[in-house]
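All remarks here apply to the structure that follows.
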Amino acid sequence: MAAPLRIAVLASGRGSNLQALLDGIAAGRLPAVVAGVFSDKPACGAIALARAAALPAVALAPRGFASREAHDEALFSEVASVQPDLIVCAGYLRIIGAPALQRFEGRMINIHPSLLPRHPGLDTHARALAAGDTEHGASVHVVIPALDAGPVLAQVRIPVRPGDTPDALAARLLPREHALLVATVGLVAAGRLTTDARMPRLDGAPLAAPLQLDADGALHGGRA
Ligand code: GRF
């Protein structure tokens with residue numbers, strides 16, 4: 001059997017996506033290990049979760065570093081030290097500079113709470129509502145220097161309901177986001193999906209369109 005995929009998780013917030021990955025691993029649904037958790041926010045939930053799970057955890061607050069590059073360099077040296085196969089940005093709320101991105105090009109993915117290319121950036125739930133979208137969702141994409149712009153690997157869609165608020169939409173989306181992330185990382189861990197920054201491949205063929213998550217948590221499509 002192939003060695004489990006070594007994942008480094010970058011997070012700045014509560015860490016529910018990290019927990020979903022850990023649950024997937026514990027349940028035997030994800031042939032992976034979380035090799036370390038890394039953050040710019042020492043007091044965040046993700047770091048607390050990592051410590052409680054006795055995982056390597058490194059949080060470096062940006063203050064005290066002379067520049068973005070210096071902070072990136074310090075944090076990503078820690079990331080490199082756990083020798084990850086894949087870096088998963090799960091609510092890492094800091095912009096990553098080009099040198100760090102180039103160092104890990106094609107090995108870094110991000111989960112973003114919108115149906116990219118719609119609503120890159122922040123406040124995605126409010127923006128989906130303000131735009132009158134009838135459908136909302138989340139995307140897992142390859143990280144490139146442009147914000148939320150790399151190839152989209154997989155998406156989950158939910159309907160927008162009359163009377164939805166940004167909080168209601170976010171709460172309904174979150175468990176689906178978790179399933180999306182676990183399923184997508186699962187395909188990478190199985191060696192079926194690559195995370196190349198130019199042309200991701202599914203089962204050896206270029207991914208023609210984002211995979212779509214079904215109600216049972218399986219991914220479909222992606223072929224021309
Ligand atoms: C998620 O909604 C994710 O899509 C976004 O930030 C949030 C992180 O949540 N990028 P958590 O810290 O994993 O709970």
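The values are calculated or read from the model by the stated rules, or taken from the named source; none is laboratory data. These numbers were taken from a predicted model, which means no experiment stands behind them. Here the Cβ is made from the backbone with ideal geometry for all residues, glycine too, and neighbour counts use every protein chain on show. What goes into the accessible areas is simple: the full protein's heavy atoms, side chains included, and nothing from ligands, DNA or RNA. Shrake-Rupley method; radii C 1.70, N 1.55, O 1.52, S 1.80 Å.
Val188 meets the conditions (1) in a loop (DSSP other than H, G, I, E, B); (2) away from the ligand (no atom under 16 Å from the Cβ); (3) touching a strand residue (DSSP E or B) at 6+ places or on another chain (Cβ under 9 Å) in every case but one. The failed one is (1).
Residues in segment 16-32 that are of a type outside the set (A, V, I, L, M) and either within 11 Å of the ligand (Cβ to nearest atom) or over 16 Å from Leu174 (Cβ atoms) (or both): Ser16, Asn17, Gln19, Gly28, Arg29, Pro31.
Of all residue pairs spaced 6 or more apart or on separate chains, those with beta-carbon atoms under 7 Å, a first member in segment 72-95 that is over 19 Å from Ala61 (Cβ atoms) and a second member that is of a type in the set (Ser, Thr, Tyr) are Leu86/Thr195. Working only within segment 17-36, note down all residues that are among the polar types (S, T, N, Q) and surrounded by fewer than 20 Cβ atoms within 10 Å (Cβ to Cβ). The answer is Gln19, and nothing else. Within the option set Leu93, Leu116, Leu75, being surrounded by 14 or more Cβ atoms within 10 Å (Cβ to Cβ) and more than 13 Å from the ligand (Cβ to nearest atom) holds for one residue only, Leu75. Note on segment 147-170: residues that are in contact (Cβ under 8 Å) with a residue 40 or more places away in the chain, within 16 Å of the ligand (Cβ to nearest atom) and either farther than 29 Å from Ala98 by Cβ or buried (at least 16 other Cβ atoms within 10 Å of the Cβ) (or both) amount to 11. Pull up segment 40-54, narrow it to residues that are more than 10 Å from the ligand (Cβ to nearest atom), within 21 Å of Ala100 (Cβ to Cβ) and not charged (D, E, K, R), then point me to the one that is surrounded by the most Cβ atoms within 10 Å (Cβ to Cβ). Looking at the filtered set, the residue picked out is Ala50. Taking the numbered list (1) closer than 17 Å to Gly91 by Cβ; (2) touching a helix residue (DSSP H, G or I) at 6+ places or on another chain (Cβ under 6 Å); (3) open to solvent by less than 30 Å² (accessible area, probe 1.4 Å) in turn, Leu173 passes all entries but (2). Residues of segment 48-72 that are out of contact with any helix residue (DSSP H, G or I) (no Cβ under 7 Å at 6 or more places or on another chain) and more than 24 Å from Val188 (Cα to Cα): Ala48, Arg51, Ala52, Ala54, Ala61, Arg63, Gly64, Ala66, Ser67, Arg68, Ala70, His71.
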